[in-house]
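What follows is one structure encoded as structure tokens, with my remarks underneath.
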Amino acid sequence: MPNEPVGVLIIGAGASGAAFAWSIADTGLSVLCLEQGPWMRQSDYPSNHLDWESRNATEFSSSPNVRRMAADYPVNETDTPITPLMFNAVGGSTIAWAAHFPRLKPRDFRVRSDDGVAADWPIGYDTLEPYFALNDQVMGVSGLAGDPAYPYHEPPLPPLPFGAIGNKLATGFEKLGWHWWPSDTAIISQDYNDREACINLGPCTGGCAHGARASTDITYWPIAERKGVQLRTGCRVKEITLNADGLADGVLYYDEDGALQEQKAEIVVIAANGIGTPRLLLNSASERHPEGLANSSGLVGKNLMFHPVAMMGGTFDEPLEGHGPRGCSFWSHEFYDTDASRGFVRGYSLQMTRNGGPATQALAATARGKVPWGPDHHEAFAGTYNHTASMLALTEDLPEETNTVTLDPELTDSDGIPAPKVTYELSENTRRMLEHATERGQEVLRAAGATETYSVPLVPQAGWHLMGTARMGTDPKTSVVNEWGRAHDVKNLFIIDGSIFVTGGAVNPTSTIQALALHIADSIKRNIGSLFD
Amino acid sequence: MTSDTTSPLEDAALVTALLDTLIPPSEDAKLPGAGTLGLGDGVAAAIASNPRIAPPVTAALEALLHQTPDFATADLDTRVEALKTIEAAHPALIPSLTTPLYFAYYQHPVVLVTLGLPGRPPYPGGYETDPTDPELLDLLRSRAKT
Ligand SMILES: Cc1cc2nc3c(=O)[nH]c(=O)nc-3n(C[C@H](O)[C@H](O)[C@H](O)COP(=O)(O)OP(=O)(O)OC[C@H]3O[C@@H](n4cnc5c(N)ncnc54)[C@H](O)[C@@H]3O)c2cc1C
């Protein structure tokens, strides 16, 4: 039986797809979301098991190439020093994320005007402000109002406890007089709606068995479904189809049984993330759009940004118990903005993390050459276990057309759909930023009392943030979508995920991705009468 | 010694001695050796099922047995010296062993409890964590934008 045509068809049920679905349901149009992954069960997450650390590294790895779930598609990562990471399920990558929830800052939207590099966004912080606030309410965000580095905003819940590591590291920032502030985090510090407060299960990246860390399967999807949105899982979209007028009229997708299905729709919305979205557009090439759908600018799949990450750690004499959500206890924006004397443009944020479990700590200390095998093993391990503290530097990755997502000529997913290939090189500007960060990070660790410090100048397994591959702008020659996410080339096709970022700032992107999705949904509502004119 | 057709990874006494060499019992005997803890089967299976590391590990263990046929029954000092010699000739051996071994050892309830952790999964019990130092919070509040 053919599928009933729908008003709005969303591809991808992750961070952006869920927020958008909930909002667009207000139009009264029929809304359907196709998601290639399944619903996850909290009882399946690693922290239900004693061997949670090894499960996190294997079946719940955030690399699809390691995890190899049926819903995953492979990514050719042979030409990138940074491994692209994601999760493919209802909730998308928020199933695996750390839920650190900073917003982009007002200056992040005007990098060209302020610093003469990259491009300005066609919208500013003010446009997104109401959506940041609304999204904080739905996701459940903990934090402390009044960060001097931001326009004033009030997170709905008080900040999460720092733990011993956060308390210790904060003393270093105080000594040096550097900016620091408790993170906005999408983890609830108190019972909130139907969810119970965080009980410090540990690194959040294997999924939260308690449901305290937000993921959109437990935040947006239940309320979206209550509004009548349909979510169909196990459906992998192969391509977007067009009618004779060049408008998007639906998709072809493989269902759970591998059968090719057609779904017609009046409006098509892509929310497949910074890699999945350009992959789908390129796979939707046709006679009319030989270089890929919505790609008259040639920019689909270009300007991939990741936020390259450095890690700095220190060893302390006193024990620093590390339980708690992994994400971040506090951040520092001391080195966020351009300072020409540093030898690079733009900057980075510092994020204080918490420790992993004993196995992860043992492996990390062994990799640093600190824990040998043999008779000295236990003494050496005792000297590092819960005696280290670390932080990450998240650098602003400026867009470069040579950093790309393309279609791999050979690799395919299990349905035979061409898989993406990521080609990425660190720029000289980023390299300098990472170097600066490793020095400054170790300086603040010493100020906090570290007796020894170490660093990893580029963390390879840190391709968490996928941005820029279908960017927004007002000029169809230099952007893929307009200021409200509508493809310049196809009037009823919208892109709402991290692909549309023009620049990435130096903070985690998801708060901004979701605010954009809500902004685009409201813009469609406002313009619905003239959408096809 | 193993026969020609058996992989040294299937030689339980050898694997136990090997793991007890890599992580021997602690001096105060509170932490057991990794082999004595019974981790041999799981670690050997993890290595055998990984086509990237199984061949070099097998080759290194064959060399170890060739060099020190009584490795499984030798004392710790002898085993350490024997393994050091093999490590020099087969640098992939130890790194291939440490990932499955450390995961197995440091997730074992006996080890967790000795490290001061509850010997249970994180969920549903969760853990306590230190609250934020109130003085630090006061300091921040005094600087807060309004
Ligand atoms: C380990 C990890 C830690 C992270 N930590 C943080 C953090 O602390 N803070 C932060 O801000 N961000 C973090 N992120 C990033 C964050 O998860 C993403 O920015 C966010 O989820 C992106 O939202 P999205 O809607 O663009 O895509 P996603 O959430 O990735 O959702 C895309 C969805 O589309 C589906 N899909 C793709 N292609 C198709 C297709 N062809 N057919 C059908 N369905 C399809 C996928 O299965 C997926 O469910 C982290 C990510 C990871 C992996």
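Here, each number is a calculation from the coordinates, and none is a lab measurement. Because the structure is a prediction, the values reported are computed rather than measured. Cβ: placed from backbone, ideal geometry, glycine included. Neighbour counts: every protein chain shown.
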Report task. Tell me which residues, restricted to region A:350-374, are under 13 Å from A:Cys328 (Cα atoms) and facing chain B (nearest Cβ under 9 Å). Result -> A:Arg354
Requested in this report: Of all residues in region B:19-49, count the ones that are without any contact (Cβ under 8 Å) to a residue 40 or more places away in the chain and either away from chain A (no Cβ under 14 Å) or among the polar types (S, T, N, Q) (or both).
Outcome: 7
Query raised in the report: Checking B:Thr6 against (1) part of a helix (DSSP H, G or I); (2) surrounded by fewer than 13 Cβ atoms within 10 Å (Cβ to Cβ); (3) of a type in the set (Val, Ile, Thr), which single condition isn't satisfied?
Result: (1)
Query raised in the report: Taking interchain pairs and intrachain pairs at least six residues apart, which have beta carbon atoms under 9 angstrom, with the first residue in region B:114-141 and facing chain A (nearest Cβ under 7 Å) and the second among the basic types (Lys, Arg)?
Result: B:Thr129/A:Arg354
Report summary line: Taking first residues from region A:447-467 that are more than 14 Å from chain B (Cβ to nearest Cβ) and second residues anywhere that are among the small types (Gly, Ala, Ser) and within 16 Å of the ligand (Cβ to nearest atom), the pairs with Cβ under 6 Å that are 6 or more apart or on different chains are A:Leu466/A:Gly274; A:Leu466/A:Gly498; A:Met467/A:Gly274; A:Met467/A:Gly498; A:Met467/A:Gly504
Report summary line: Looking across region A:272-289 at residues that are within 12 Å of the ligand (Cβ to nearest atom) and of a type in the set (Gly, Ala, Ser), the single one that is farthest from the other protein chains (Cβ to nearest Cβ) is A:Ser284
Query raised in the report: Which one of these is within 26 Å of A:Val66 (Cα to Cα) and of a type in the set (Val, Ile, Thr): A:Thr233, A:Thr219, A:Thr185?
Result: A:Thr233
Query raised in the report: Looking at this structure, is A:Gly17 touching a strand residue (DSSP E or B) at 6+ places or on another chain (Cβ under 8 Å) and not charged (D, E, K, R)?
Result: yes
Query - helices (runs of 4 or more DSSP H) completely within region A:1-100 that count 1 or more residues being more than 14 Å from the ligand (Cβ to nearest atom) - result: A:15-24, A:52-57
Report summary line: Residues in region B:109-135 that are farther than 15 Å from A:Ser47 by Cβ and in contact with a Leu (Cβ under 6 Å, 6 or more places away or on another chain) total 1
**Report entry** Single residue of region A:163-192 satisfying the filter (aliphatic (A, V, I, L, M) and under 19 Å from B:Glu135 (Cβ atoms)) that is farthest from the other protein chains (Cβ to nearest Cβ)
**Finding:** A:Leu176
Requested in this report: Consider A:Gly292 carefully, then state whether it is part of a loop (DSSP other than H, G, I, E, B) and not hydrophobic (A, V, I, L, M, F, W, C).
Outcome: yes
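Restricting the search to region A:144-162, which residues are more than 10 Å from chain B (Cβ to nearest Cβ) and among the charged types (D, E, K, R)?
Selection gives A:Glu154 alone.
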